Every structure is written in C-alpha cells, then in structure tokens.
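> Sharing a structure here in structure tokens format.
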Amino acid sequence: MNDGKWASGLANNYVNEVDSLSVDSFDNNRAIVSFHLTSYDSENGHTLKHEWGGTWKMVKEGDEWKLDSPNIKKLSSEVE
C-alpha cells in the first residue's frame, strides 16, 4: 500500500493497536521491523476492523530513528 492511500484512510480511523512488533535486522544506521496492528474506523454508523501486517524499514538520522520505507498489507477486514 502506498503512503498516500494509507494517509487518506486515516480520516475515519479512531484507534490503532499495535499487536506485535519485532526487530528483524539491525545495524548502526538501519533496521527492519515487522509488525501487526489492528485499526478501527467509523463509517456510516458501523465499526470497520482492519488487520494489517508488514515491515517498516527504518534509518537512523542523528539520534532519531525515522521511517525509510514501509511495506504494509491489509490482512483482513470485517464489520463489527
């Protein structure tokens, strides 16, 4: 999923829960993190539950870790 599509989907989003997070590789300036999260959106009076997973490639700039590139996939979606 590209960043623009991800950002536009946040308009109705009211909760993001990170269910799991693990560092797959790490060196002084780069890291790859695997994750699974659940997001909840409100749409037309219904709650939409989405499960997401993928990796975040991180890069260290100074003393901060920043997102270099995401690889995010929707794993499931349901109406609650």
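> For GLU51, indicate whether it is touching a residue at least 12 places away in the same chain (Cβ under 8 Å), exposed (fewer than 13 other Cβ atoms within 10 Å of the Cβ) and on the phi < 0 side of the Ramachandran plot. So that I can check it myself, show each step before the final result.
Working: touching a residue at least 12 places away in the same chain (Cβ under 8 Å): yes; exposed (fewer than 13 other Cβ atoms within 10 Å of the Cβ): no; on the phi < 0 side of the Ramachandran plot: yes.
Criteria not met by GLU51.
> To continue, here is another question. Tell me which residues, restricted to region 59-80, are open to solvent by less than 40 Å² (accessible area, probe 1.4 Å) and either more than 19 Å from ASP19 (Cα to Cα) or more than 11 Å from the chain's Cα centre (by Cα) (or both).
Answer for region 59-80, where residues must be open to solvent by less than 40 Å² (accessible area, probe 1.4 Å) and either more than 19 Å from ASP19 (Cα to Cα) or more than 11 Å from the chain's Cα centre (by Cα) (or both): just VAL59.
> Is there a residue being assigned to a helix (DSSP H, G or I), at pLDDT below 95 and within 13 Å of the chain's Cα centre (by Cα) anywhere in region 16-36?
Step one: of region 16-36, the residues assigned to a helix (DSSP H, G or I) are none.
So far as region 16-36 goes, no, none of its residues is assigned to a helix (DSSP H, G or I), at pLDDT below 95 and within 13 Å of the chain's Cα centre (by Cα).
> So how many residues does region 27-48 have that are out of contact with any Leu (no Cβ under 9 Å at 6 or more places or on another chain) and surrounded by 12 or more Cβ atoms within 10 Å (Cβ to Cβ)? Let's see the steps before the verdict.
Our first condition is that a residue be out of contact with any Leu (no Cβ under 9 Å at 6 or more places or on another chain); within region 27-48, this holds for 27-32, 38, 43-48.
From what is left, the residues that are surrounded by 12 or more Cβ atoms within 10 Å (Cβ to Cβ) are 30-32, 38, 47-48.
Number satisfying all stated conditions: 6.
The values are calculated or read from the model by the stated rules, or taken from the named source; none is laboratory data. Given the structure is predicted, the values throughout are model-derived calculations rather than measurements. Here Cβ is always computed from backbone atoms with ideal geometry, including for glycine, and neighbour counts include all displayed protein chains. Each accessible area value is taken on the protein alone, full model and side chains, heavy atoms only, with ligands, DNA and RNA left out. Shrake-Rupley method; radii C 1.70, N 1.55, O 1.52, S 1.80 Å.
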